[in-house]
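Q: Following this message is one structure expressed as structure tokens.
The values are calculated or read from the model by the stated rules, or taken from the named source; none is laboratory data. The model shown is predicted, which means the values in this text are computed figures rather than measured ones. Ideal geometry is used to build each Cβ from the backbone, glycine not excepted, and the neighbour counts take in all protein chains shown.
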Amino acid sequence: MARRKAPSPDTQVDAQVSRNLGQQVRQMRKDRGWTLQELAAASGVSRSMLSQIERQQANPTLTVAFRIASAFGVALSELVASAAVPAEIQVVRAADRSYYFRSDRNSQIRTLSPLHLEKQVEFYELLLHADGVLTSAAHHPGTREFLTVQRGSVRVTSAGNTCDLEKGDSAYYPADVPHKIANTGRGSALTFLVVTYRE
């Protein structure tokens, strides 16, 4: 009986990229609240083909991938790059300015998780200047935030509930409702924020 040939590393990588691409298309569709039929109408790709791609049962051609990316309003390179197989160790350098999500008189937000990470978990360093307030609208249903105070003191408000946190304190609260984080100290407040999304 002939021995089955083991898949090459390149084949394994291609399979992983295909799986990642299917997951990425599904996540982007859900982020927009679209059904498969709505994505099919926007992209010109059949519903059955989209379903197969999302379930990793089909690899999209370049034309199909371009149509899907266009429907989402992103470049083809962005869609494909998001599905690339990451290195075993990924590093976010402190000096890399591309990871600064926001910087103004109220706050500075730096992304600590890789930019291509699927929207399941996001990790941020949040620096609130004196009197700084970060006010957020409701996120997707099921979203929650986990906040830890590294320096200073803050007040967290979520759906009318409020709690005060000092250095070393943590809070876990709903983020699918209007919420805010306010610096209550005299100096700056340094916190770490983890956002979790329900699948």
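Q: Run Ala83 past the list (1) at pLDDT 80 or above; (2) within 25 Å of Thr143 (Cα to Cα); (3) of a type in the set (A, V, I, L, M) and report the number of the one that doesn't hold.
A: Failed condition: (1).
Q: If Gln90 satisfies every condition in (1) modelled with pLDDT of 90 or more; (2) assigned to a loop (DSSP other than H, G, I, E, B); (3) under 22 Å from the mean Cα position of the chain (by Cα) but one, which is the exception?
A: Looking at each condition in turn, Gln90 falls short on (1).
Q: If you don't mind, another one. Let me spell it out: the conditions are (1) at pLDDT below 95; (2) of a type in the set (S, T, N, Q); (3) surrounded by 14 or more Cβ atoms within 10 Å (Cβ to Cβ), and Ser153 meets all of them except one. Which number is the exception?
A: (1)
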